[in-house]
Amino acid sequence: MSICSGIFEDERLIELVENHEILYNKHCTGYKGAGEKTESWIKIGEELGLTAEECAKRWKSLRERYSRELKLVENNDNYVVEWPLFGAFSFLRQFVKQRQGRSILNEVNDEMLIQLVRDHDVLYQKSCLGLTSSSQKADAWFEISELMGITAEECSSRWRSLRERYTRELKQAETLSESNDDASLCVQWPLFNSLSFLRDSVKPRQ
C-alpha cells in the first residue's frame, strides 16, 4: 500500500468516525457501554473492508497522534504542524483534554483512578467481552489517562498494583474471618472499601 492510499484510507476512517459521535463524545448516551460502540465499529469496518477491531486499533493510533500534535501546537507558538491529517481532526479538538505533563506514579490520585476504572466495567468485568474487547479496553485506558494527566501505560500499571493489593487484602480478610480472629486488620488499608466493587470479579488464590 502506498503512502497516498494510506493517507486516503485514514482520512476516510476519520470521516466515518466523525459520523459516529458515540466513539468520541463522552456525553453521548451509551458512551460508557460496549454495545453501541461495537455496532459503530462494525459499520465503519464494513465501509472500509476491515474488521471492527482493525478500525478501532487504527483510530486509537491516529487519535493519540492528534493529541500529541495538538499539545505541541498549544504549548509552542512556533510549532508548525506537518502531519497531513491534523486538519481532518478539527472536530475532535473540543473533546480532547490535554495532559499536564505529569508522569510520576507516586503522584497518582488512587481514589480518582479507582473511580474512573469503576466507570469502565470493560476493565474488570469478565462478562464484558465482545468483538472489540481489546480495543475497548485500550480506548478506556486512553480516556482515563486523559483525565488523570498521565499515560495509559502508567494508569494500567498502577491499576494492576492496586488490584493485586486488593486481592491480597481480600484473601487475608477471608482467612481471618474463617479463623474467628480479629478481622479489623484486613481493613486497615484505606483503599480496601473503595475497591469492593471488584469482589465478584476477583478470586483470591488458594
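Please treat every number below as a calculation from the coordinates, not as lab data. Predicted, not measured: the structure shown is a model, and the values here were computed from it. Glycine also receives a Cβ, built like all others from the backbone with ideal geometry; neighbour counts cover every protein chain displayed.
According to a simple spin-label model (label point 7 Å from Cα along Cα-to-Cβ), what is the distance in nm between residue 110 and residue 176?
1.6
My understanding is that a pair violates if its Cα-Cα distance is over 32 Å; which of 57/171; 137/171; 60/126; 26/171 do that in this structure?
Details: 57/171 37 Å; 137/171 27 Å; 60/126 23 Å; 26/171 36 Å.
Correct reply: 57/171; 26/171.
Please work out the FRET efficiency for the pair residue 199 and residue 64, using the Cβ-Cβ distance as r and a Förster radius of 35 Å; give the result to the nearest 0.05.
0.55
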